[in-house]
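Q: Let me give you the structure first, and then I'll get to my questions.
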Amino acid sequence: MRIGVFVCHCGSNIAARVNCAEVAKAALNFPDVVFATDEVYMCSEPGQESIRKAIVEHRLDGVVVASCSPRMHEVTFRRTVERAGLNRYMVEMANIREHVSWIGHDKDSNTRKAIDLVRIAAAKLRRDKPLTFKTFEVVKKVLVVGGGVAGIQAALDCADAGLDVVLVERKSTIGGRMAQLDKTFPTVDCSTCVLGPKMVDAAQHTRISLMAYSEIEDVSGYVGNFTARIKRKASYVDFSKCTGCGLCTEKCPSKKTFDDFNEGVGTTTAINIPFPQAIPKKAVINPATCLKLTKGKCGACAKVCPTGAINFDMREEIVEERVGAVIAATGYDLFDHSKYEEYGGGKLPDVITSIQYERMLSASGPTGGHVKRPSDGKEPKTVVFVSCVGSRDPAKGRPYCSNFCCMYIAKQSILTKDHIPDSQSYVFYIDIRAPQKGYEEFTRRAQEEYGTRYIRGRVSKIYPEGGKLIVRGADTLLGTQVEVQADLVVLAVGVEPTPGAGKLAEKLRISTDQNGFFMESHPKLRPVETNTAGVFLAGACQGPKDIPASVAQGSAAAGKAISLLARERLEADPQVSHVNPKRCVGCMKCVRVCPFKAIKETTGRDGLPKAEVIEAMCQGCGICSVVCPQGAVQLEHFKDDQILAEVEALCRTWVAKSCE
Amino acid sequence: MSDVGGKELRIIGFLCNWCSYGGADAAGVGRFSQPTDLRIIRMPCTGRVDPLFVLKALVSGADGVLVSGCHPRDCHYSEGNYYARRRLEVLKRLLPMLGIHEDRFHYTWVSASEGARWQQVVTRFTERIHELGPMDSLDPELAVCAIRELGGENGQADQPAPASGE
């Protein structure tokens, strides 16, 4: 084999801490290396052109590029060698930037390490062989998990592009967090008025099949050919018969059920339709509080239902859907402020969360849009907003900024003034973060036009005194202690991943970051993709996001799914396992360990049982290789002899050095 | 010279492509400085790591071997790291029987977002290997044998690389 080695300076990123010329020179001593050079930017057009030229001039069979991480540019250089007529898999990369120059300070050690990494890559490349890919058919259907604004947007975009969509929502209605909001910043337009039409569109679109009150049981398969098993939870109401008239909710005697949609502001009935604009507008029975389901008597709803939709014997069922791509849009949950003992630990009735306040402000909410103190139902005249409750607080395990609280505090203070003109709002803040279009002006308006008083500092304690709440904190701009006598305190609770996010990540085989949000493939260049091909992210499940960003990401994820499924067939990665039938003894250990059921038992020419890999299903993990007692099943480009060659390439030099 | 001080030692890391290799990349992007002794070999999954690779490295001249993959429940291939955990745990117990200090081998989990954690893992492991010192120095004669062995096994005539870079 004739190998060429190309060492990249990456400007000064590598060259400042690695002697690139020396690396190239050393590489010339490696077996089969016939050409080596260094260049300022290998990924640039002239850099790639020099690789192409060298391949032709020096009749190279394979190329080692020593530059950045293969996770960054492997695809780039595969294309480069392909343009020069080589097989695209005849490239190996030595990561001398992320793993060398960016982490080591000593140029000599770095250079030695870089030489070793090139040595490994060349040793592996010598045992690489050209691979050709096969193609497989795709299912032109998308699964969207989560029916919030991001999921709805993604579903609509996919459906408009001609793809079939299954939209799965955990709750009985789509709309998500946005449906709970009264108004939206910075326009102060009605949230439901903006969202409602989109919800209706999603429900009525001929290509979208809406599965409300359902959850993902598991997902198997691979890009283009996923199989999702979806659990339809028992709602005890036949959705095909329910008209959403609401008679049942009027007659239900169990009126002390926790009101999930209204965040516990007021209570609701055991059979319940969350809000008037719910889509689908169907009643659902809460089995924990329903008298018929808990005690076996009542059944008032069944008696009054004009269509006979109530079915107390309903059981959950599993529905299977085959899809080509998955968009996760599971949104966010809110921080439990009872962890802040100093703010009453959740025990002071007049210390409420921002989302509870939002429900209070909403005309369709439990208070009919009248702001009332939970303790005595009186209208508060002094309202204090506390920002960053469960955000930017490493002590509470929440080091990150929740992104949109600053803005909704400003909005809620404006709305407070609208609702109660003789009220005064105070905001305790760390910083005011208002970087998007029209946001800065909006927070200014809250202060200048609506007289909201912003106090820069954290609140140290909230305690009741004489029917009021004393909010004690620091004003760091004046350098003094401040105390506000408040009627109502609203905590801007931070954003956290939904409780089921971790489990869903496992089912979709995607990762979560240190805070539990789904992890994107690349923070800048692949923000809606995941490391699992065919699985995309939209909205706050990837990190705290406001409505415009969630909608944009919903569209972005849809765009990715559309471009993926626009093709009739996809190329399968040929770096898969193969069984050498001559060595296979038919023990079928590999069949049992394969997580993708990609190895099956067949009969060989000699009539004996043999294992065989189904190439389109193999994902290239290599678990099978390790269990095979005969070394018969080998993963292309990660074969035993290749990995051993890498180990040996290092060890041989080390042993040689120690002999000097 | 390594950041740990003294002579650089010989450490091989087997990292899964999806989590720990990404974590090592993240550490680089974040400029989390680390000792330079470690050489990383990229694997598709820790489930691909044959314990014999680790053993091969340790008997062939490595002073330490580090394996790192996705956290349990976070494997890109669902369960590769579980297979790895079982195999490597057994390996860890076998090493002393072969006369190799078990601390020369370590396996752990680092996700692609945990750059700072990767820095810690590398720094601690490198320090630990430096405390143990180089593997019982190879008898020069044995070493020559070993070289011949390695060269012979590959069936190639190439000389041990002539101390490149030094």
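The values are calculated or read from the model by the stated rules, or taken from the named source; none is laboratory data. Remember, it's a predicted structure, so these values are computed and weren't measured experimentally. Note that each Cβ is placed from the backbone with ideal geometry, even for glycine, and that neighbours are counted across all protein chains shown.
Q: Only one of (1) within 9 Å of chain A (Cβ to nearest Cβ); (2) touching a Gly at 6+ places or on another chain (Cβ under 9 Å) is not met by B:Leu66, so which one is it?
A: Of the numbered conditions (1) within 9 Å of chain A (Cβ to nearest Cβ); (2) touching a Gly at 6+ places or on another chain (Cβ under 9 Å), the odd one out for B:Leu66 is (1).
Q: List the pairs whose first member sits in region A:483-502 and is more than 14 Å from chain B (Cβ to nearest Cβ), whose second member is surrounded by fewer than 20 Cβ atoms within 10 Å (Cβ to Cβ) and of a type in the set (Ser, Thr, Tyr), and whose Cβ atoms are under 7 Å apart, counting only residues at least 6 apart or on separate chains?
A: Final answer for the pair search is A:Val484/A:Thr382; A:Gln485/A:Thr382; A:Ala486/A:Thr382; A:Asp487/A:Thr382.
Q: Scan region A:34-56 and tell me whether some residue there is facing chain B (nearest Cβ under 10 Å), in a loop (DSSP other than H, G, I, E, B) and buried (at least 18 other Cβ atoms within 10 Å of the Cβ).
A: No, every residue in region A:34-56 fails to be facing chain B (nearest Cβ under 10 Å), in a loop (DSSP other than H, G, I, E, B) and buried (at least 18 other Cβ atoms within 10 Å of the Cβ).
Q: Has region B:90-109 got at least one residue that is modelled with pLDDT under 95 and facing chain A (nearest Cβ under 7 Å)?
A: No; the residues of region B:90-109 include none that is modelled with pLDDT under 95 and facing chain A (nearest Cβ under 7 Å).
Q: Next question. Could you please find all residues in region A:381-403 being surrounded by fewer than 22 Cβ atoms within 10 Å (Cβ to Cβ) and of a type outside the set (Val, Ile, Thr)? Walk me through how you get there before you give the answer.
A: In the first step, residues of region A:381-403 are kept if they are surrounded by fewer than 22 Cβ atoms within 10 Å (Cβ to Cβ); the result is A:381-382, A:392-401, A:403.
The answer is A:Lys381, A:Arg392, A:Asp393, A:Pro394, A:Ala395, A:Lys396, A:Gly397, A:Arg398, A:Pro399, A:Tyr400, A:Cys401, A:Asn403.
Q: Looking at region B:104-137, which of its residues are surrounded by 15 or more Cβ atoms within 10 Å (Cβ to Cβ) and part of a loop (DSSP other than H, G, I, E, B)?
A: B:Val110, B:Ser111, B:Ala112, B:Ser113, B:Glu114, B:Pro134, B:Met135
Q: Sticking with this structure for a sec: Looking at region B:44-59, which of its residues are outside any loop (DSSP other than H, G, I, E, B), farther than 15 Å from B:Arg86 by Cα and facing another protein chain (nearest Cβ under 7 Å)?
A: Step one: of region B:44-59, the residues outside any loop (DSSP other than H, G, I, E, B) are B:46-48, B:51-59.
Right, trim to farther than 15 Å from B:Arg86 by Cα and you get B:53, B:55-59.
Result: B:Phe53, B:Lys56, B:Ala57.
Q: Another question, if that's okay. Among the helices (runs of 4 or more DSSP H) confined wholly to region A:277-376, which include 1 or more residues that are among the β-branched types (Val, Ile, Thr) and within 22 Å of A:Ile174 (Cβ to Cβ)?
A: Once the helices (runs of 4 or more DSSP H) in region A:277-376 are filtered for at least 1 residues that are among the β-branched types (Val, Ile, Thr) and within 22 Å of A:Ile174 (Cβ to Cβ), what remains is A:354-361.
Q: Mind listing whichever residues of region B:69-80 are more than 7 Å from every other protein chain (Cβ to nearest Cβ) and touching a Pro at 6+ places or on another chain (Cβ under 8 Å)? Write out each step before concluding.
A: Start the filter on region B:69-80 by keeping residues that are more than 7 Å from every other protein chain (Cβ to nearest Cβ), which leaves B:69-72, B:75.
Passing the criteria: none in range.
Q: Taking only pairs six or more apart or across chains, which ones have beta-carbon atoms under 9 Å, a first residue in region A:251-268 that is assigned by TED's automatic domain parsing to the domain that holds A:Val284 and closer than 21 Å to A:His337 by Cβ, and a second residue that is surrounded by fewer than 14 Cβ atoms within 10 Å (Cβ to Cβ) and among the charged types (D, E, K, R)?
A: Listed pairs, sorted by first residue: A:Thr267/A:Lys255; A:Thr267/A:Lys256.
Q: For B:Lys56, only one of the following conditions fails: (1) under 26 Å from A:Ser577 (Cβ atoms); (2) in contact with a Leu (Cβ under 7 Å, 6 or more places away or on another chain); (3) crowded, with 24+ Cβ neighbours inside 10 Å. What is its number?
A: (3)
Q: Here is a further query. For region B:7-37, give me the residue count where each residue is part of a helix (DSSP H, G or I) and either at the interface with chain A (Cβ under 8 Å from one of its Cβ atoms) or out of contact with any Leu (no Cβ under 9 Å at 6 or more places or on another chain) (or both). Steps first, answer last, please.
A: Kept after step one, since they are part of a helix (DSSP H, G or I), are these residues of region B:7-37: B:20-29.
Then drop every residue that is not either at the interface with chain A (Cβ under 8 Å from one of its Cβ atoms) or out of contact with any Leu (no Cβ under 9 Å at 6 or more places or on another chain) (or both), which leaves B:20-22, B:24-29.
Summing the residues that are part of a helix (DSSP H, G or I) and either at the interface with chain A (Cβ under 8 Å from one of its Cβ atoms) or out of contact with any Leu (no Cβ under 9 Å at 6 or more places or on another chain) (or both) in region B:7-37 gives 9.
Q: Might you check whether a residue that is buried (at least 17 other Cβ atoms within 10 Å of the Cβ), closer than 30 Å to A:Met93 by Cβ and among the polar types (S, T, N, Q) occurs anywhere in region A:626-647? Steps first, please.
A: Step one: list which residues in region A:626-647 are buried (at least 17 other Cβ atoms within 10 Å of the Cβ), which gives A:626-628, A:632-640, A:642-647.
Going one step further and asking which of them are closer than 30 Å to A:Met93 by Cβ, we end up with A:626-628, A:632-640, A:642-647.
From what is left, the residues that are among the polar types (S, T, N, Q) are A:634, A:642.
Yes.
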